Structures are given as structure tokens and as C-alpha cells.
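Report on one structure; see the data block that follows.
The values are calculated or read from the model by the stated rules, or taken from the named source; none is laboratory data. From a predicted model like this one, the values you see are computed outputs, not experimental measurements. Positions of Cβ are backbone-derived with ideal geometry, glycine not excepted, and every protein chain shown enters the neighbour counts. Surface accessibility is based on the protein's heavy atoms, side chains included, excluding ligands, DNA and RNA. Shrake-Rupley method; radii C 1.70, N 1.55, O 1.52, S 1.80 Å.
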Amino acid sequence: MSAVLELRKVSIRFENIQALDSVDFDLLEGETHAIVGENGAGKSTMMRILAGVYTGYEGEYFLDGQPVHLQSPRDALSLGIGMIHQELSVIPELSVAENLFLGRQPLTPYGMIDWRLMNRTAQEELSKLGFADIDVKRPLGTYALGTQQVVEVLRVILSGAKVLIMDEPTSALSPPEVERLIQLIDTLRKAKRSIIYISHFLEEVMRVADRVTVLRDGHKVATVNQTDTSVNELISLILGREINAELPAATTQKDAHVLLEVRDLTADVFRNVNLNVYQGEVVGLYGAIGSGHFDLARAVFGMYRFDSGAVVVDGQTYPRDFSARYAIQHGLAYASESRRMSLFMEEPIFRNVMVPHLERLGRWLSPTRSTELDLSTPQIKLTGVHPDDPVNPVGQLSGGNQQKVAIARWLPFPPKVFIMAEPTRGMDVGAKSEVLTILRNFRNEGYGVLVVSSEPETVLSVADRIMVMSRGQVVADMENVNLNKDVLMRLL
Ligand SMILES: Nc1ncnc2c1ncn2[C@@H]1O[C@H](COP(=O)(O)OP(=O)(O)OP(=O)(O)O)[C@@H](O)[C@H]1O
Ligand SMILES: [Mg+2]
């Protein structure tokens, strides 16, 4: 088989970081090639070179054996290279068909959009790929995220891409949606498309990939055939060491002291939610995307309006219509599932860590830069943010390292209860276990932790007790013993 695309000795530097160092890579026709590696290993950077986003690199890039130097993503697409970014770029108000043909709508002889032709072609293309159930006339925004993702992939293919680059396509999808995407990848592979697939979910990688390339610190460590490797081997290759998979066990008996009490909380998207977090306990709140669990977490923190019910923290009932500011001052911390919502990308890391605490440090005088640095630097190191220079802007960190900043920011003045939505989203295997260890240690120090997640693995590995939310209601509350993914997903 011939390589449709090849990189030889490609290197790129950002100021003081060698993001890629003399990397070789090739992609064969009809293969799905996964790229794995720790946060900051250089995966997205390599994809951005392939897709014409970064042009200032050294080394050679070949397409079908011919040397190229792409100047822009448009350039890349015209040569058949399409990239699907993690943030969807679909337009929810437009119909499925319009999204599929965005900018390339078929026209009638009179120069008008040929709706009938467009809808019919769209429906045919979807049916061919096994998605006959999607109604192409419906606004895309009325479909689940997974379907929107599928439409985005199809759009890139319909615009002529032979090579498809997917950077963490499943990190915001629910398990059935992931299945759908994997099914689509199988169909595309049979149609001889070549796919590059970046993911931190190694089980998923083993299912979709023909070959796997491992990057570490900007170097290529290995390229292995799927049939010759295993999840465990991939973990060792990724980290260059074994990880300690054991999370800290509970050192204290959970006592009867309730730190967080949510009483009969009702809003538009959830009803009568009752939930307790005891001192020294990690509670996992699991639900499918859209089940209301993320909005519930926001409501408890004063960021989502609720109609009735109450939030009680350490025995103190919060007033009606309390604000997030009030919640911070009265014992709660919250990290959103969406990094983009909570971080200031242009601002340095230390400032992002200090933002929630500025008021606490001085009502009239803002704290000096050196005070801010003193208070935040240890927390930045503790959470393993890499690179850890506190003055770097957050926007320059890799995805997983931005997530660590979102956690580090609560450590200078720990609350009574941490509410963390998707604490490990986008993190590599090593970072995941580091962050879950941090949460378990909070518990052992007597805090309460509420982990809100749509990843069954996350709640199963970290929680002492798991509650399941489905369609806005709590449907189960179980000690986390002898539970597994199957049990949880059946409850959705
Ligand atoms: N535009 C930029 N300016 C400065 N540094 C950058 C820039 N883009 C990436 N980097 C740095 O290059 C390194 C590689 O980043 P990259 O985003 O490729 O990592 P990644 O493997 O995709 O990680 P993740 O799994 O967290 O998404 C990181 O150290 C990152 O901080
Ligand atoms: Mg990345």
C-alpha cells in the first residue's frame, strides 16, 4: 500500500518549546491511524501542520509522493485534507442538508438554490453511510451532539476530503454517540478513506485504529500495528513509565456530617433533585449529555436559575437567587465541563488561578503580582500543569493542561465542597490518574467532592457513591461496589 501522506523529520518550535522534534509519520490509503500521547506531546500541533494551519516548520511533507508546503487550511482542503476540530463548526439554525452543502449548494438553471436536489442528494448520501434516519430538512441544532458531529464529518467528506483528521472527536459525546461515530469510521475505511484519529480513550483507539503512533515530548516514540499491541502497552509507550493505577483509598470512615444538601431542586431541565454529599466522600453524578446533570451543578453554584428547592452548605441554607460569588464565599467551588467558559485564554496561568480569590485578598487594594505568584505557583506545580511557568498565557497550554489550571484555581483557598464537571475531560492517562488522586485526597482531608460526568469510567474510578440522572431526575443512588459501565448505562 502506498502512503497518501508522509512527514519526514518535521520539527516546529514555539518560543522556548520544541513542540515537534524530527518526527516521521505516514498514512496509508484506507487506513485509520491513531495518534496518542500525553497532554502537550504535540498531537494537535502535528495535525495543524498537516492541515495547513501552521506553516513555519522544518522538514518535509509529501502528498501522494509529491513534496508540498501548504499555506492555509483552504490549501489543504483543495488537496483533499480535511480537519474536524473538537469545537463543532456547524450552524445549528440551518437544516442538516444546508449544513452538508454549506457554500456549495446546488443551483437551478436560474441561479437559485435547488432545494429539491440538495435535499435529495443529502438524504442519499446519508443513507449510503447508514444514517437514513436523519431528516435532512430538520434544523441541525435539534439533533444530539453526536449527530451534529456525524454531519460535520460528512460535510468535510462531501467537500472532497480523502484524508480526514479528527482531533479528539469523542470527548464531548455520550457512549451511544461514540458508537455512531465509530460505525461511520468503519464505513469510511471500507470506502478507502484515510483517517487520522486523536484520542485519549485507548479502548476506543484499539477499536478503530489499524496503526497507532505514539508521541512523547514532541518525539515519535513508536508506530505499532493494532494487532500487535494492547492498551497496557500503549500506556507504557505514552508515559515511558508504568502508572500507579491505584487511587488513594479512604483513610477515614465517612461520618454523618452532611456538607452539601440539595433539597428538591427544580428548574426547567431537572425536577425534584435531592442529593447529599457527606464529609469525606466523593459522590459521582452520572448522566447522559442532556440529562440535566451539568445544569444541576451550575444551579447549585448559583449559575443556573432554579424555580424551587434549596441549597444547604454545611448546615447553612443559601438565600434564594444567590450568586456564584456568594457560593464561593460560602464554601463551594465549581469547575465547568467547558474550559472555554471558565478560563481567560489571553491571561497568564497565575492570574487564572487567582481570579476567584482576588476579592478575598483585599477589598480595595488589588493584590500585588508577587502575592498572586506566591499563592498560585505551588498549586500550579501540585496539579502538574506543564509547562509550569506561571506567567505563560493559558491559551498556549495544550487542552489537558488547561483543564489542570481550572482545578488548580481552587486550591489556594479550598472550599468545603468541590463540584467538578468532567474533571478529566481531554486528559491523558497519566494526568487522569493524577487528577483523580487529587480529588480522592481532598476527600481524605475531609472535604466533600461532587464529580459530575458523562463518562462512566470517571465516576466508576473516583466515586464512593454514584447517583444517576436521567431526563432531569435522579434515578439511582448506589454505593460504588460491584458497579460497572453496563449497569450505569442501562439506567440512562
Ligand atoms: N500557538 C502556540 N504557542 C505556544 N506554544 C504552543 C502553541 N501551540 C502549542 N504549543 C505548545 O506545544 C506543545 C504541544 O501542544 P499540543 O497542543 O500539540 O499538544 P497535544 O498533544 O495536542 O496535547 P493535548 O492532549 O493536551 O491536546 C505544548 O507544550 C503546547 O503548550
Ligand atoms: Mg491537542
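May I ask you to verify whether residue 286 is free of Cβ contacts under 8 Å to residues at least 60 places away in the same chain and in the same structural domain as residue 356 (by TED's automatic domain parsing)?
no
Count, please, the residues in segment 114-139 that happen to be touching a strand residue (DSSP E or B) at 6+ places or on another chain (Cβ under 7 Å) and touching a residue at least 40 places away in the same chain (Cβ under 8 Å).
4
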Margin query: Please determine whether any residue of segment 283-300 is of a type in the set (Phe, Trp, Tyr) and in a helix (DSSP H, G or I).
Written below: yes
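Surrounded by fewer than 16 Cβ atoms within 10 Å (Cβ to Cβ) and closer than 26 Å to residue 14 by Cβ - does that describe any residue in segment 358-368?
No, because not a single residue in segment 358-368 is surrounded by fewer than 16 Cβ atoms within 10 Å (Cβ to Cβ) and closer than 26 Å to residue 14 by Cβ.
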Next item on the list: Could you tell me whether residue 104 is among the charged types (D, E, K, R) and in a helix (DSSP H, G or I)?
Entry: no
Margin query: Looking only at segment 93-107, how many residues end up being more than 20 Å from residue 160 (Cα to Cα) and either aliphatic (A, V, I, L, M) or assigned by TED's automatic domain parsing to the domain that holds residue 291 (or both)?
Written below: 1
Check: Do we have residue 353 as outside any helix (DSSP H, G or I) and surrounded by 23 or more Cβ atoms within 10 Å (Cβ to Cβ) here?
Finding: no
Notebook entry, point to check: Can you name the residue in segment 46-78 that is within 11 Å of ligand 1 (Cβ to nearest atom) and free of Cβ contacts under 8 Å to residues at least 40 places away in the same chain and, of all such residues, is nearest to the chain's Cα centre (by Cα)?
Noted result: 48
Notebook entry, point to check: Would you pick out the residues in segment 304-326 that are at pLDDT below 95 and either within 29 Å of residue 392 (Cα to Cα) or assigned to a strand (DSSP E or B) (or both)?
Noted result: 324, 325
Next item on the list: Identify, by number, the condition in (1) within 25 Å of the chain's Cα centre (by Cα); (2) open to solvent by 50 Å² or more (accessible area, probe 1.4 Å); (3) at pLDDT 75 or above; (4) among the hydrophobic types (A, V, I, L, M, F, W, C) that residue 245 doesn't meet.
Entry: (3)
Notebook entry, point to check: Do you know which residues across segment 1-25 are part of a strand (DSSP E or B) and of a type in the set (A, V, I, L, M)?
Noted result: 3, 4, 5, 7, 10, 12, 17, 19, 20, 23
Next item on the list: Considering every residue within segment 293-300, establish whether at least one is assigned by TED's automatic domain parsing to the domain that holds residue 422, within 26 Å of residue 456 (Cα to Cα), aromatic (Phe, Trp, Tyr) and in contact (Cβ under 8 Å) with a residue 60 or more places away in the chain.
Entry: yes
Check: When segment 29-48 is examined, which residues are found to be open to solvent by 30 Å² or more (accessible area, probe 1.4 Å) and away from ligand 2 (no atom under 16 Å from the Cβ)?
Finding: 29
Note to self: Which pairs turn up if I take residues in segment 369-394 that are open to solvent by less than 20 Å² (accessible area, probe 1.4 Å) and look for partners that are basic (Lys, Arg) with beta carbon separation below 6 Å, at least 6 apart in sequence or on another chain?
What the structure shows: 383/404; 385/404
Checklist line | Test: residue 68 is within 28 Å of residue 401 (Cβ to Cβ) and either open to solvent by 10 Å² or more (accessible area, probe 1.4 Å) or not hydroxyl-bearing (Ser, Thr, Tyr) (or both) | finding: no
Notebook entry, point to check: Is it true that some residue in segment 466-476 is touching a Lys or Arg at 6+ places or on another chain (Cβ under 8 Å) and over 21 Å from residue 438 (Cα atoms)?
Noted result: yes
Checklist line | Matching residues, segment 278-319, being within 14 Å of residue 262 (Cβ to Cβ) and among the aromatic types (Phe, Trp, Tyr) | finding: 278, 301, 304, 306, 318
